[in-house]
Each structure stands twice: as structure tokens, then as C-alpha cells.
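Written out below as C-alpha cells is the structure these notes cover.
The values are calculated or read from the model by the stated rules, or taken from the named source; none is laboratory data. Nothing here was measured: the structure is a model prediction, and the numbers come from that model. Backbone-built Cβ (ideal geometry, glycine too); neighbour counts: all protein chains shown. Heavy atoms of the whole protein, side chains included, go into the accessibility calculation; ligands, DNA and RNA do not. Shrake-Rupley method; radii C 1.70, N 1.55, O 1.52, S 1.80 Å.
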Amino acid sequence: MKDKVMKGLKINLTTITKFNVLSRELIMRCALLSFAMLVIMSMFISSTVLAGGPTNLMDGEFKVPIFKSRNLTMKQTVSRVSVGNDKIADILILRAKELYIVGKKLGTTNIMVWDEEDKLIDVINLEVTHDLNGLRQRLFHYLPGEDIGVETSQGQLVLSGQSSSLAKMNIAVELARGYANAASVGKSRSNVLNMISIGGGHQVMLEVTVAEVSTEISRKFDSKVAITFNGSDGTGGIVNGIGAGTAAGISSGFFGSLIKGEMQFNFALDIAKQNGLAKILAEPNITALSGQKAEFLAGGEFPVPVPSEDGTTVQFKDFGVGVSFVPTILDSGKINLNLKVLVSELSNSHGVGVTPTGSSSTLVVPSIVKRTAETTVELADGQTIAIGGLLSDSLRDSVNKLPGLGDLPILGQLFSSHEYVSGQTELVIMVTPRLVRPFNKKGIALPTDGFVPVSDLEFYLLGTMTRQETPESTTSPNQAATNNSAILTNDGGTNQRYGHQLKPTKSE
């Protein structure tokens with residue numbers, strides 16, 4: 001019986017020993033796994049270190065705003081102190097364990113502290129900074145919600161973070177510049193280092209204005225005279241021009257015929273005076289993302305027959321108002337524009353006739369009168385510049401006359417033709433870039449709003465035309481967005497009027 005009990009105790013001890021071994025192995029594995037996890041986490045954490053490497057070595061730096069003082073409490077009794085650069089800060093021992101520090105100039109230095117036994121007990125890194133807390137309060141007051149950080153770096157006031165708009169970034173820079181100027185001492189000037197980025201995709205709307213006015217004055221005096229003598233022995237006379245005595249060859253003027261005996265007198269005077277005025281005003285608008293190309297064309301295409309060995313093919317050419325540009329927002333806030341503006345129209349004054357092979361019909365291809373400008377400019381938001389202009393003054397005066405008779409006073413006009421043409425053209429092309437933001441379409445009046453169709457009774461019996469009712473109030477998209485805060489918060493962009501609105505014309 002005793003042997004059985006001893007045998008059972010040995011089995012239990014063996015089981016307990018195996019259990020303890022397994023427990024220790026399990027604990028060791030858990031510890032190794034935890035250590036491996038810590039190593040992996042430290043690797044991920046170290047991979048997110050910002051530019052310049054780890055900054056934990058600078059955590060013990062004592063910062064004092066310039067022209068302000070701070071007290072520093074020591075752990076041991078202080079007997080003597082020494083400052084590396086006394087032009088940056090002044091040190092004063094107030095009590096046994098308390099130092100009084102005054103910032104005099106922007107920069108960094110260190111303070112060495114000794115005890116009563118003249119043993120070095122501490123070395124303190126000291127930095128005299130701008131009034132960062134005061135600047136942060138101003139930024140929070142005037143620009144709430146903006147993610148802007150401020151720091152001091154060797155006399156420079158550094159702005160970092162992200163701003164929602166260019167205008168708000170400029171406000172932050174101006175506020176910081178005031179604190180930087182206040183911290184300047186003597187010839188040592190403090191500058192603002194702007195590292196703020198503007199958040200979001202920046203959209204640029206380009207306003208183009210093409211204005212042209214052309215005037216033309218022409219005077220025409222064309223005389224056609226024929227004096228003939230018909231006799232039994234022959235015929236003779238004087239002729240100036242063809243078509244004398246008939247109205248077929250003149251557009252406006254006088255004509256007549258006189259027959260007396262063997263003499264016949266025919267005349268036709270083509271007299272005209274024309275005053276012409278032409279006005280062209282095109283204002284296309286187009287919006288594109290910074291760095292992306294955008295194209296706009298309002299017009300059409302006209303066919304151009306092109307003869308070839310296989311027959312006649314048709315190619316189409318564009319005409320109308322076209323704009324192509326690539327905006328780029330620079331770090332300085334200005335907008336670089338690479339643009340091309342084109343305004344063209346069809347004209348039959350210099351048309352060309354083309355007769356296809358195997359056909360007797362002639363196709364007239366019109367010419368194109370166009371004004372184009374292609375350039376690269378740099379502007380700030382809302383600024384306007386003229387990228388092209390033209391001032392032309394032309395004069396043409398021509399006289400055709402019959403030698404001898406055309407030089408006679410008064411009567412010589414019957415034997416001469418005189419044409420005078422004078423024209424002036426003034427053209428200017430202006431562009432205006434604007435930083436824009438989306439808006440809510442609700443409440444915005446469109447040019448097509450307010451049209452009221454007429455009924456059959458009004459159309460057939462009363463002759464009423466389709467009319468457009470004037471809207472009660474017309475506002476620009478940005479004004480509507482500003483007045484209603486529920487539409488869109490003012491997070492940047494332009495608050496000026498932009499776009500076009502057609503004014504309805506009153507029907508008679």
C-alpha cells in the first residue's frame with residue numbers, strides 16, 4: 001500500500017513538473033512575441049519621423065520670448081551661473097534655487113550652473129524666440145479653423161501647415177511679419193519663412209475680353225460717257241467707261257441719253273457714299289484646374305473642298321471664339337497663364353472658287369478674318385492685363401480719267417472716276433484670372449429662366465411673341481453663396497462677381 005502511494009506521488013510530481021515546464025515555455029514565447037511586436041511598432045514609428053530626424057534631443061530646451069522674462073526653478077542650490085552668449089539673454093540668481101532669465105535677442109545659447117561646492121550640476125539649452133503665444137492668439141482670433149503652425153528657427157519666424165485659401169495665407173504672413181519686425185534688434189533683422197501650402201485643388205477661371213471697333217467711310221464717283229457720231233461715211237466718238245446711258249452698270253446715281261441728228265450722247269454717273277461701323281465684343285470664360293489644359297470654342301465648322309487624285313474630299317475648319325490656356329498657381333500666389341485667344345469669322349470678300357474634277361459647278365470657299373494672340377503672362381488673382389492690341393488707320397484714294405478731257409475744270413469729272421476709302425480699326429484683348437470655388441446652384445438665375453411660351457390663340461390672332469419675365473433679383477453665384485452660409489462656407493476663392501447674365505430685351 002505504501003509503495004502504491006509513493007508511486008502515485010511520483011506520477012503527480014512528474015505531471016506538475018511537465019506542467020511547469022510548459023508554462024515557462026508559454027511565458028517565454030509570449031514575451032518573445034511581445035518583444036517582436038514592440039520592435040515592429042518602433043520601426044513603423046521611426047519611419048514617420050519628420051524631415052530633420054528625431055527631435056527628442058531638443059525636448060529639454062528652455063524657451064524664452066524676446067523682451068520677456070521667465071523664472072527657472074532648479075533642483076539644487078545654485079551658487080554660480082554662466083551664459084554662453086550674453087547678447088542673447090541675461091541671467092540673474094533670485095533665490096538659492098531660482099533663476100531669472102530675460103530674452104534680449106533671437107538665437108540659441110546655453111547656461112551652465114554650479115553649486116556651492118563649485119561642481120557643475122546642470123547645462124541648460126536656452127532659445128530666445130519670437131512672441132509665439134501672442135502670434136498664435138492672433139491667428140486663432142482672425143483665422144479660426146486654419147491649420148497654421150508657428151516656430152522660431154535661428155531668428156526666422158517659420159509658418160507651416162495648410163491654409164484653405166490664398167487670401168487667408170497672405171493674412172497669416174502679414175500678421176507674422178509684424179511680430180518678426182518687432183523682434184528685430186539693431187542690424188539683426190528677423191524674416192518670415194512661409195512654408196504654408198494651400199489646401200485642395202485650385203481652380204482658375206479665365207475671363208477673356210476681345211473688343212474691336214471698325215469704321216469705314218467710302219465715297220465713289222464713277223463717270224461713264226459715250227459721244228458717238230454716225231454718218232454715211234463712218235462712225236466715231238469718245239468713250240469713257242462701258243455701259244453709258246444704261247442703268248445696268250451702276251448701283252446708284254444718274255443715267256441718260258440724248259440723240260440729235262447724227263450725234264448721240266450717253267452718260268451714266270455711279271455716285272455713292274457709304275459709312276460703315278462694326279463692333280465685336282467677345283467675353284468667353286473658362287475654368288481649369290491648376291496645371292491642366294482647358295479649351296473653349298463657341299462657333300462652328302465650315303467645309304473646305306480639297307481636290308485630290310481620288311476625287312474631292314471635304315475638310316472642316318473651325319471658326320468662332322476660342323480660348324485655350326494652362327493655368328499654374330505658383331508658390332508666391334501668382335498665376336502663370338499659358339494661353340491662346342482666337343476670334344474668327346467667315347468673309348466672302350476674299351473667297352476662292354473651286355471646281356471639282358468632272359463637275360461644272362463651282363464651290364466658293366469663304367475666307368476667314370481672325371484675331372489671335374498667344375502668349376505667357378503672370379498675374380495675381382483678379383488682376384487684368386492686355387495681352388494684345390491693334391490700332392490701324394488705312395486710306396485709299398484713286399482716280400481714273402481720260403487724258404486731256406479729264407483735266408478740264410468741272411466738265412472733266414464726266415471723263416474721270418474717283419474713289420476714296422478710309423478705315424480705322426481698334427482692337428484690344430484683355431485677360432483676367434480668378435481663383436474660384438464651387439457654389440450651390442440653388443437660387444442662381446440662369447439666362448434661360450423666365451421664358452413664357454405663347455398659346456396658339458396669342459400666336460395666330462394677336463401675333464404675340466415669346467417673352468421673358470424679368471427675375472425679381474439677380475445675384476452672382478459668389479454673392480449668393482456669401483449671403484447664405486448654409487450654401488457653402490467661405491473657405492477661399494474670390495468673392496467678386498464673375499460670369500455673365502443676359503439682360504432680357506423688352507418686346508415691342
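Can you tell which of L99, L94, L120, L106 is in contact with a Phe, Trp or Tyr (Cβ under 8 Å, 6 or more places away or on another chain) and in contact (Cβ under 8 Å) with a residue 12 or more places away in the chain?
None of the other options fit; the residue is L94.
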So F267, is it buried (at least 17 other Cβ atoms within 10 Å of the Cβ), in contact (Cβ under 8 Å) with a residue 60 or more places away in the chain and more than 50 Å from the chain's Cα centre (by Cα): yes
Could you check how many residues of segment 355-366 are surrounded by 14 or more Cβ atoms within 10 Å (Cβ to Cβ) and either modelled with pLDDT of 85 or more or among the hydrophobic types (A, V, I, L, M, F, W, C) (or both)? 2
Please go through segment 330-368 and pick out each residue that is outside any loop (DSSP other than H, G, I, E, B) and either in contact with a Leu (Cβ under 8 Å, 6 or more places away or on another chain) or basic (K, R) (or both). I335, N336, L337, L339, K340, G353, V354, P366, S367, I368
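Condition (residue is part of a loop (DSSP other than H, G, I, E, B), open to solvent by 50 Å² or more (accessible area, probe 1.4 Å), more than 28 Å from N170 (Cα to Cα) and at pLDDT 85 or above) applied to segment 299-306: is it met by at least one residue?
Within segment 299-306, not a single residue is part of a loop (DSSP other than H, G, I, E, B), open to solvent by 50 Å² or more (accessible area, probe 1.4 Å), more than 28 Å from N170 (Cα to Cα) and at pLDDT 85 or above.
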Within segment 432-454, does at least one residue satisfy the condition of being over 34 Å from the mean Cα position of the chain (by Cα) and either open to solvent by 50 Å² or more (accessible area, probe 1.4 Å) or closer than 30 Å to T287 by Cβ (or both)? yes
Which of (1) modelled with pLDDT of 85 or more; (2) closer than 30 Å to N266 by Cβ is the odd one out, the single condition T375 does not satisfy? (2)
If I filter segment 253-261 for residues that are open to solvent by 100 Å² or more (accessible area, probe 1.4 Å), at pLDDT below 75 and outside any strand (DSSP E or B), do I get at least one hit? no
Among the residues in segment 313-322, are any open to solvent by 60 Å² or more (accessible area, probe 1.4 Å) and part of a loop (DSSP other than H, G, I, E, B)? no
